[in-house]
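Input: a single structure, listed below in structure tokens.
Read-outs: derived from the displayed coordinates by stated rules, not from any lab. Treat the numbers as computed from the prediction; the structure is a model and nothing was measured. Here the Cβ is made from the backbone with ideal geometry for all residues, glycine too, and neighbour counts use every protein chain on show.
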Amino acid sequence: MRNSSFGHTGRSVSIIGQGTWYIDAGHRTQAVDALRRGLDLGMNHIDTAEMYGDGAAERVVGEAMRGRRDEVFLVSKVLPQHASRRGTLAACERSLKALGTDRLDCYLLHWRGGHPLEETFAAFEELLRAGKILSYGVSNFDVPDLEEALAITGPGRLACNQVLYHLKERAIEHAVMPWCARHGVAVVAYSPFGHDDFPEPGSAGGRILAEIAAVRGATPRQIALAFLTRQPSLYAIPKASSAAHAQDNAGAGGLLLSEAELARMDAAFPRGPKRDHLPMI
């Protein structure tokens, strides 16, 4: 599993992590086994949020990392409606309790809401001083939002921006990715297989994936993840519903596509024109 230094944190984090959106909706034991198998395979980056199952996903994560907390780079998120200064502090306490831990490695604002960013970031700084979070970042932020956040926090504070990014949705490559690269902010791809939208085997793109996968002795999903994490500052957090699925995801962590393979992928899944808004789900 390849690791990379995560934003300004100095922490070595697996480029393929473990997402947990809807993980609470399936079989709990299988979900816990999947996360633990992921840790066994070096996927130390586990991402969750208070929104996921109203805290149920955090409780699954807490069970999975019991006795293994120090192995995990643990990320959770505060909902925008809770992101006042006092609300953020309270939300963090709820997440810590659900997760059964005394700290988060990174805490994110889930998306931009009505509370002033100054309040949210003031709460994040207070949580940092208390040792309850070790870094913070944002999610679903477009460049104007990132510029505003940077003006408030100053350089070297935002660890990451977690955004929608998959083969059929590459809008972040136009402006968000270059901005993050310039400012040392990690980019984390959520829903990296699309939301029930992975290329069908019989489609033109699906055939390219299958051809590259066959040459590499890999699976099409591993090739997709390798493409999305082709730069050192890019990470992906696919969800796994079983230990076998986690093992398949982890297999992408050692894949480095050649320039020719990257060019084929780029042609098969063009990024398209610049959008006037940042896509999110």
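Numbers at a glance
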read-out	value
Highest to lowest packing among 217-228, 83-94, scored as the average C-beta count within 10 Å	217-228, 83-94
Among beta bridges that DSSP assigns inside region 3-268, antiparallel share in %, nearest 5	15 percent
Nearest-20 debye value, region 1-43 charge dipole, Cβ charges on Lys, Arg, Asp, Glu	100 debye
Listed residues 44, 140, 249, most fluctuating in the chain (Gaussian network, C-alpha, under 10 Å)	140
Amide H within-cut-off set for residue 108, under 5 Å, with H built and near neighbours excluded	76, 77, 78, 137
Degrees between helix 204-216 axis and first principal axis of the chain (Cα, 0 to 90, nearest 10)	80 degrees
Debye log10 I(q)/I(0) at q = 0.16, 0.19 Å⁻¹ for region 49-138, Cα point scatterers	-0.55, -0.77
Computed magnitude of the charge dipole of region 3-268 (debye, nearest 20; Cβ of K, R +1, Cβ of D, E -1)	500 debye
Kirkwood-based Rg to Rh ratio, region 3-268, C-alpha trace	0.96
Residue exposure sequence - 61, 187 - by fewest surrounding Cβ within 10 Å	187, 61
Contact order relative to length of the chain, as percent, for alpha carbon pairs under 8 angstrom and 6 or more apart	23 percent
Eligible lysines near residue 274 by straight Cα distance, threshold 30 Å, same-chain separation 8 or greater	77, 168, 239
Whole-Å distance, taken between Cα centres, linking region 67-137 and region 239-280	28 Å
Nearest-ten-degree value, helix 143-153 long axis tilted from longest Cα axis of the chain	40 degrees
Residue 133 long-range amide H proximity, modeled H, under 5 Å	104, 128
From phi via Karplus (6.51, -1.76, 1.60), per-residue ³J(HN,Hα) for region 220-229 in Hz, x at Gly/Pro	x, 5, 5, 5, 4, 5, 4, 5, 5, 10
Note, ³J(HN,Hα) from phi for region 77-91, Karplus 6.51, -1.76, 1.60, rounded to Hz, x at Gly and Pro	9, 9, 5, x, 6, 9, 8, 5, 4, 5, x, 5, 4, 5, 5
Cα pair distances of region 64-219 binned at 10 Å [whole percent]	10, 33, 30, 18, 8, 0
